[in-house]
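Scroll down for the structure; my scribbles are underneath it.
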Amino acid sequence: MDVILLSILSEGDSYGYDIVQQVNDLTHGALLLKEGSLYPALKRLEANHFIEGYWGTDKNTGPRRRYYSIKERGRTHLKGLKREWDAEQLVLSMFFRKVIFE
């Protein structure tokens, strides 16, 4: 979940409902985030100083919302997670090629 949330926030500040919508749009509904998993993950990322939360309002004078922005430490962590993912993908790719073609 960290890589998903940090990736979204690396594109710009966002709030819970908007993050859920972005994930839904990007995955065409294949991954449905629930509040029960989203907000604890955001709080954990905030406690680890990867993101920062602040209160703001929508441009069109909407209600106050808790927005989140990625911090430099979060960008560094995201790069590390992406490197790990790339390495895992490479290993899995080699494994499946061996299994499928032998």
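From the list Leu92, Leu78, the one residue that fits, being in contact with a Leu (Cβ under 9 Å, 6 or more places away or on another chain) and in a helix (DSSP H, G or I), is Leu78. Here Arg73 passes the criteria (1) in contact with a His (Cβ under 7 Å, 6 or more places away or on another chain); (2) within 12 Å of Leu9 (Cβ to Cβ) except the one numbered (2). The residues of segment 24-39 that are outside any loop (DSSP other than H, G, I, E, B) and farther than 15 Å from Ser7 by Cβ, listed by number, are Glu35, Gly36, Ser37, Tyr39.
Among the residues of segment 66-87, just one is modelled with pLDDT under 95 and among the aliphatic types (A, V, I, L, M), namely Ala87.
Is it fair to say Gly12 is at pLDDT 95 or above, small (Gly, Ala, Ser) and not in a helix (DSSP H, G or I)? If you could, list the steps in order and put the result at the bottom.
On the way: at pLDDT 95 or above: yes; small (Gly, Ala, Ser): yes; not in a helix (DSSP H, G or I): yes.
Taking the combined requirement at face value, the residue satisfies it.
Inspection of segment 2-12 identifies no residue that is over 13 Å from the mean Cα position of the chain (by Cα) and loosely packed, with under 14 Cβ neighbours inside 10 Å. For segment 40-65, which residues satisfy the criterion of being modelled with pLDDT of 95 or more, surrounded by 10 or more Cβ atoms within 10 Å (Cβ to Cβ) and not acidic (Asp, Glu)? If the condition is that a residue be modelled with pLDDT of 95 or more, surrounded by 10 or more Cβ atoms within 10 Å (Cβ to Cβ) and not acidic (Asp, Glu), then Pro40, Ala41, Leu42, Lys43, Arg44, Leu45, Asn48, His49, Phe50, Ile51, Gly53, Tyr54 are the ones that fit.
Being over 22 Å from Pro63 (Cβ atoms), in contact (Cβ under 8 Å) with a residue 40 or more places away in the chain and in a helix (DSSP H, G or I) is the requirement here; does Ser7 meet it? Here the answer is yes, as Ser7 does meet what is asked. Condition (residue is over 25 Å from Arg83 (Cα atoms) and not acidic (Asp, Glu)) applied to segment 40-48: is it met by at least one residue? No, segment 40-48 contains no residue that is over 25 Å from Arg83 (Cα atoms) and not acidic (Asp, Glu).
Just to check your reading of the model, which residue among Lys59, Lys43, Lys98 is among the charged types (D, E, K, R) and part of a loop (DSSP other than H, G, I, E, B)?
On the way: Lys43 fails: part of a loop (DSSP other than H, G, I, E, B); Lys98 fails: part of a loop (DSSP other than H, G, I, E, B).
None of the others qualify; the one that does is Lys59.
Listed by first and then second residue, the pairs linking a residue in segment 66-81 that is on the phi > 0 side of the Ramachandran plot to a residue that is surrounded by 13 or more Cβ atoms within 10 Å (Cβ to Cβ) and assigned to a helix (DSSP H, G or I), with Cβ atoms under 6 Å apart and 6 or more places separating them unless they lie on different chains, form an empty list.
The values are calculated or read from the model by the stated rules, or taken from the named source; none is laboratory data. No experiment lies behind these values; they were computed from the predicted model shown. Positions of Cβ are backbone-derived with ideal geometry, glycine not excepted, and every protein chain shown enters the neighbour counts.
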